[in-house]
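Everything on this sheet refers to the single structure shown next.
The values are calculated or read from the model by the stated rules, or taken from the named source; none is laboratory data. Everything quoted here is computed from the prediction, not taken from an experiment. For neighbour counting, all protein chains shown are included, and Cβ atoms are generated from backbone atoms with ideal geometry for every residue, glycine included.
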């Protein structure tokens with residue numbers, strides 16, 4: 001497991017703490033990990049498409 005240090009706007013931090021208090025996560029660490037996981041899962045198609053486009057571009061034109 002990795003440790004991450006970041007800055008979060010006060011309003012967003014408060015909303016996250018409220019969600020934990022409402023039972024959306026066991027603690028703030030759990031909520032943040034779930035949030036990152038959901039973000040990555042929801043953007044996987046976009047990421048894959050970008051890599052495919054880069055591969056096609058490289059295949060057609062090479063890289064300098």
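Please work out if residue 33 is surrounded by 10 or more Cβ atoms within 10 Å (Cβ to Cβ) and free of Cβ contacts under 8 Å to residues at least 12 places away in the same chain.
Yes: the conditions hold for residue 33.
Sort out which residues of the range 15-49 are over 9 Å from the mean Cα position of the chain (by Cα) and not in a helix (DSSP H, G or I), and write them in order of number.
If the condition is that a residue be over 9 Å from the mean Cα position of the chain (by Cα) and not in a helix (DSSP H, G or I), then 22, 23, 24, 25, 26, 27 are the ones that fit.
Would you tally the residues in the range 36-64 being exposed (fewer than 10 other Cβ atoms within 10 Å of the Cβ), over 30 Å from residue 3 (Cβ atoms) and at pLDDT 80 or above?
Adding up the residues that qualify gives 3.
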